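Visitor: Quick one: the structure is below, questions incoming.
What follows is calculated from the coordinates using simple rules that are stated; it is not laboratory data. For clarity, every value in this text was computed on a predicted model and none was experimentally measured. FYI the Cβ positions are ideal-geometry reconstructions off the backbone, even for glycines, and counts take in every protein chain you see.
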Amino acid sequence: MTDQSKADKSASSDRILIFDTTLRDGEQCPGATMTFEEKLEVADYLDAMGVDIIEAGFPIASDGDFEAVRAVAERVKNATVAGLARAGKKDIARAGEAVRQAVKPRIHTFVSTSPVHMKYKLQKEPEEVLDLVTASVTLARNLVDDVEWSAEDATRTEHDYLCRCVEAAIKAGATTINIPDTVGYTVPEEYFALISMLRERVPNADQVIFSTHCHNDLGLAVANSLAGVKAGARQIECTINGIGERAGNAALEEVVMAMKTRADTLPYRTGVDTTKLARASRLVSTVTNFPVQYNKAIVGRNAFAHESGIHQDGMLKHNQTYEIMTPESVGVGKTSLVMGKHSGRAAFRSKLKEMGYDLGDNAFQDAFQRFKELADRKKHVYDEDLESLVDEGIAHAHESMKVVSLTVIAGTIGPQSATLTLDIDGTHQTVQSAGNGPVDATFNAIKSLVDHQARLQLYQVHAVTQGTDAQAEVSVRLEEDGRVVTGRAADPDTLVASARAYLSALNKLQVKRQKTAQAQQAI
């Protein structure tokens, strides 16, 4: 163990470890499932951003989750990679195998300790659960040196019993003790007192790192996490954009920037490169198809926007009149309106680099061409437009089916009709279809050209920026034989964006079918 890691165990240290569970707890948010490739992309960015621990998934949940955790473990260069496991032999063995190749592997095992969970969920007596704590941590410690143990529903657990469980976990070899507010029930004062009590009462508590894992059911996840840090916790479990089950988790960007901005009252530091926060937010929003609310702290579209005349006057005189942090400190440019139809390649490349994109030559040329086409159609091109344009290009680069042209006839007299031309494996095919509305007609046209039995689960549209010429960002979720995929596209024409998003989802389904067929042939 290095001197730094020893120092980080002590509550006297100001170094806070950031444990990101976007790929595990975040993905458990209904509808937020990521593909294998998307998980790797997010993991790479989290590692580059300086996150200390990446919880890559729940290996026992499925073969796909196991493979994703193993792939993340093999490619992450700096961060610890953790796999979640219940307190059972199969779970722990599976997690150990998944993270085995990591530079710094961790098994994160847990068991419920509250009376309501033990009685109704586990249907076990307290002494049985206590035995499970010892057995599970011991088994995990035989596989890896770094074991985290969590007391699920800790904030509703009786204090004496929680102390016994934590003591057992430490004695069995746990290196990190996590005290989750699983249902987002506690308040900062209670959580501070709970962490303080455990550190004072449990033998050898000074030999482990205490961790927070707070849910946001009452909107207190960040406040509770910071209260835990003040009480001596030195690890915060959180997610990008605060995504997660129910109301979500503590938002990584909020806890990190709270400590950075208010170092006077929160004198702690992390290893996170905060200039990458905005890009991380956008990446996770894109791959999960979960839009970030406009007034979201730190990374929301309006976080550094000022429309009020009074605010604008104050900002022109001095930016600190209405901003407590700079946009640049979280990776947001000073202005979002700098690109237009007269901008050249050099300016475009510089802007993309400023926004955190590093594209290869082919991808750059494609993005530049689509930017010029967009600039000819829109009065103003905003940063959000560029992000949608580049992200869409990356997502659709290798698709075998693409929209070539679309003409829709709509109005009060129906039925509405759509004439669609697709490029399918290099061949152009055209069809005309009718429908109950322009979107239905467009999707019917796609169905005529691409035979499938997929069921539409979600069709969602929102504007990328303000104004009547704003790009429409469309998300389409399809389900076929248990396979669920999501396609996303953006265009100033809502119907074009709809067609591209639907086709993007079909492309993903096609890939999933091929993988399934290959797997069956291999058996």
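Visitor: Of the DSSP beta bridges with both residues in the chain, give the percent that are antiparallel, rounding to the nearest 5.
Guide: Expressed as a percentage, antiparallel bridges in the chain total about 50.
Visitor: Further question: Give me Phe443, Phe66, Phe58 ranked fewest to most by other Cβ atoms within 10 Å of their Cβ, as a rough exposure proxy.
Guide: The most exposed by this proxy come first: Phe66, Phe443, Phe58.
Visitor: How would you classify the range 399-522 from its alpha-carbon gyration tensor, with a ≥ b ≥ c the square roots of the eigenvalues: rounded for a/c under 1.5, else prolate if a/b is greater than b/c, otherwise oblate?
Guide: The shape class here is prolate.
Visitor: To continue, here is another question. How much FRET efficiency would the formula 1/(1 + (r/R0)^6) give for Glu373 and Glu74, where r is the Cβ-Cβ distance and R0 is 51 Å, rounded to 0.05?
Guide: After rounding to 0.05, the efficiency reads 0.80.
Visitor: Quick one: net charge around Val431, please, counting Lys, Arg +1 and Asp, Glu -1 for every other residue with C-beta under 14 Å from its C-beta.
Guide: Once all neighbours under 14 Å are counted, the net charge is -1.
Visitor: Could you list Asp423, Asp145, Asp91 so that the one with the fewest beta carbons within 10 Å of its beta carbon is first and the one with the most is last?
Guide: Going from sparsest to densest Cβ surroundings: Asp145, Asp423, Asp91.
Visitor: Still on this structure: On a 24 Å Cα-Cα criterion, which of the cross-link pairs Lys89/Lys121; Lys89/Lys124; Lys296/Lys512; Lys276/Lys296; Lys90/Lys124; Lys39/Lys276 come out too long?
Guide: In this structure, Lys296/Lys512 exceed 24 Å between Cα atoms.
Visitor: For the range 22-288, divide the Cα radius of gyration by the Kirkwood radius and give the resulting Rg/Rh value with two decimals.
Guide: With Rh from the inverse mean 1/r over Cα pairs, Rg/Rh is 0.94.
Visitor: Report the Rg/Rh value for the chain, based on alpha-carbon coordinates and the Kirkwood definition of Rh.
Guide: Ratio of gyration radius to Kirkwood radius: 1.01.
Visitor: Another question, if that's okay. Under the √(5λ) rule applied to the eigenvalues of the Cα gyration tensor, what semi-axes describe the equivalent ellipsoid of the range 9-166? Give them in Å, descending.
Guide: 27, 18, 15
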